[in-house]
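Computed from the coordinates by the stated procedures, all read-outs in this text should not be read as laboratory data. Just so we're clear, the structure is a prediction, and the values are computed from it rather than from any experiment. Glycine gets a Cβ as well: all are built from the backbone with ideal geometry, and neighbour counts include every protein chain shown.
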Amino acid sequence: MDNKKIIELVKKIRAEMGLGIMEIKAALEEANGDEKRAKEILKEKGFKKAEKRAERETHQGRVATYTHSTGKIGVMVEMLCETDFVAKNEDFVAVSRDLCLQVAAMDPKDAKELLEQEYIKDSSQKIKDLVTALNAKFGENIKIGRIARFEI
């Protein structure tokens, strides 16, 4: 595989997953240039790293809210992380908002049930995959705290 193709694949995967260049390059080499397999390798490594971080304390985060246009459904989601830098990051904020929409639409009874649901914006992923991807991207323990859904 030539360097130009590797560079293009690294750029593409980095834009999608937000991981480090060397990590992506190593996965591509391990997968013999197969983009799909490289992404699987990166996900597997991300899950292993996430498991190691799971015990680290999360004292920062944000509370995201959503009110449906009818005013009859309201949602609050507590997203937790280790540092305020991550809590302010636009990707973290966007996922927090998306989780509010997920809770409004799917009405999980708690965060554990929410993690097992298919992501409404991409049914090939579960919510836990979305959180793990954030975990891998930022290198921090990220988790969903409390959720609340109100409906009139």
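Observations on the model:
- Residues Ser96, Ser124, sorted so that the one with the fewest Cβ neighbours within 10 Å comes first: Ser124, Ser96
- Answer label for mean projected area of the Cα convex hull in nm² (calculated), chosen among [x] 10.6; [y] 9.6; [z] 8.8: [y]
- Distance between the 7 Å Cα→Cβ label points at Arg37 and Asp91: 2.5 nm.
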